[in-house]
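Written out below as structure tokens is the structure these notes cover.
Nothing in this text is a laboratory measurement; each read-out follows from the coordinates by a stated rule. Since we're looking at a predicted model, the values are computed, not measured. When we count neighbours, we look across all protein chains shown, and the Cβ atoms used for this are built from the backbone with ideal geometry, even at glycine.
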């Protein structure tokens, strides 16, 4: 490990800590030559499948692109950074579990849609509208109808509190 300050090659580990999710190890190091301290992160490197784009191009999977698209879909939504990171990790985990060398971008999109649907319904619809290339309001309406049917209770209403039943549907006055 090179020292980022003096480029010395003799550094020693002072402290090591495992991250909360167990996926990384943070190491505090000290350079023997200049005495400066710095931190490194150690992660497991697993080969993720290459992504086959719609036009046939192949490119390596990029978790930053995934995170960026989720950030766009979840813009101004009440979703924490931790929840978004957990969702990204869930999609990456699904990619690893396929054990395939290549995977279509459509299939990756379906993984993302499934995870966003669990996380935030508005973010899900935003992502789906771009991913599935909604052409008009009817496409949105169809997806919203499907989403409402799949919600607990099937009435389109979410419970106010966890463990509470969904409120009874009341007819709207016109």
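Listed here are the residues, each with its yes/no results for (1) touching a helix residue (DSSP H, G or I) at 6+ places or on another chain (Cβ under 6 Å); (2) within 26 Å of residue 145 (Cα to Cα); (3) in a helix (DSSP H, G or I).
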{"position": "82", "(1), (2), (3)": "no, no, yes"}
{"position": "87", "(1), (2), (3)": "yes, yes, yes"}
{"position": "91", "(1), (2), (3)": "yes, yes, yes"}
{"position": "96", "(1), (2), (3)": "no, no, yes"}
{"position": "103", "(1), (2), (3)": "no, no, no"}
{"position": "122", "(1), (2), (3)": "no, yes, yes"}
{"position": "129", "(1), (2), (3)": "no, yes, yes"}
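From the set of residues in the range 41-61 that are in contact (Cβ under 8 Å) with a residue 24 or more places away in the chain and under 21 Å from residue 87 (Cβ atoms), which is surrounded by the fewest Cβ atoms within 10 Å (Cβ to Cβ)?
Looking at the filtered set, the residue picked out is 46.
Is it the case that residue 71 is in a loop (DSSP other than H, G, I, E, B) and free of Cβ contacts under 8 Å to residues at least 60 places away in the same chain? It would help to see each step written out before you state the result.
Working: in a loop (DSSP other than H, G, I, E, B): no; free of Cβ contacts under 8 Å to residues at least 60 places away in the same chain: yes.
So residue 71 does not fit the description; no.
Among (1) closer than 30 Å to residue 126 by Cα; (2) loosely packed, with under 13 Cβ neighbours inside 10 Å, where does residue 20 come up short?
For residue 20, the failing item is (1).
Could you count how many residues in the range 62-78 are surrounded by 13 or more Cβ atoms within 10 Å (Cβ to Cβ) and more than 14 Å from residue 126 (Cα to Cα)? Walk me through it before giving the result.
In the first step, residues of the range 62-78 are kept if they are surrounded by 13 or more Cβ atoms within 10 Å (Cβ to Cβ); the result is 63, 66-67, 69-71, 73-74, 77.
Subsequent filtering for residues that are more than 14 Å from residue 126 (Cα to Cα) retains 63, 66-67.
Counting residues in the range 62-78 that are surrounded by 13 or more Cβ atoms within 10 Å (Cβ to Cβ) and more than 14 Å from residue 126 (Cα to Cα) gives 3.
Going by what's in this entry, would residue 86 be described as free of Cβ contacts under 8 Å to residues at least 40 places away in the same chain and on the phi > 0 side of the Ramachandran plot? So that I can check it myself, show each step before the final result.
On the way: free of Cβ contacts under 8 Å to residues at least 40 places away in the same chain: yes; on the phi > 0 side of the Ramachandran plot: no.
So residue 86 does not fit the description; no.
Counting just the residues of the range 82-107 that are surrounded by 13 or more Cβ atoms within 10 Å (Cβ to Cβ) and touching a strand residue (DSSP E or B) at 6+ places or on another chain (Cβ under 6 Å), which one comes out farthest from residue 67 (Cα to Cα)?
Per the stated criteria, the residue is 104.
In the range 10-40, what count of residues is obtained for those that are in contact (Cβ under 8 Å) with a residue 12 or more places away in the chain, in a strand (DSSP E or B) and within 30 Å of residue 82 (Cα to Cα)? Give the steps one after another, and end with the answer.
Restricting attention to the range 10-40, the residues satisfying the condition of being in contact (Cβ under 8 Å) with a residue 12 or more places away in the chain are 10-16, 21, 23-34, 36-40.
Subsequent filtering for residues that are in a strand (DSSP E or B) retains 11-16, 24-31, 37-40.
Checking which are within 30 Å of residue 82 (Cα to Cα) leaves us with 13-16, 24-29, 37-40.
Within the range 10-40, residues that are in contact (Cβ under 8 Å) with a residue 12 or more places away in the chain, in a strand (DSSP E or B) and within 30 Å of residue 82 (Cα to Cα) number 14.
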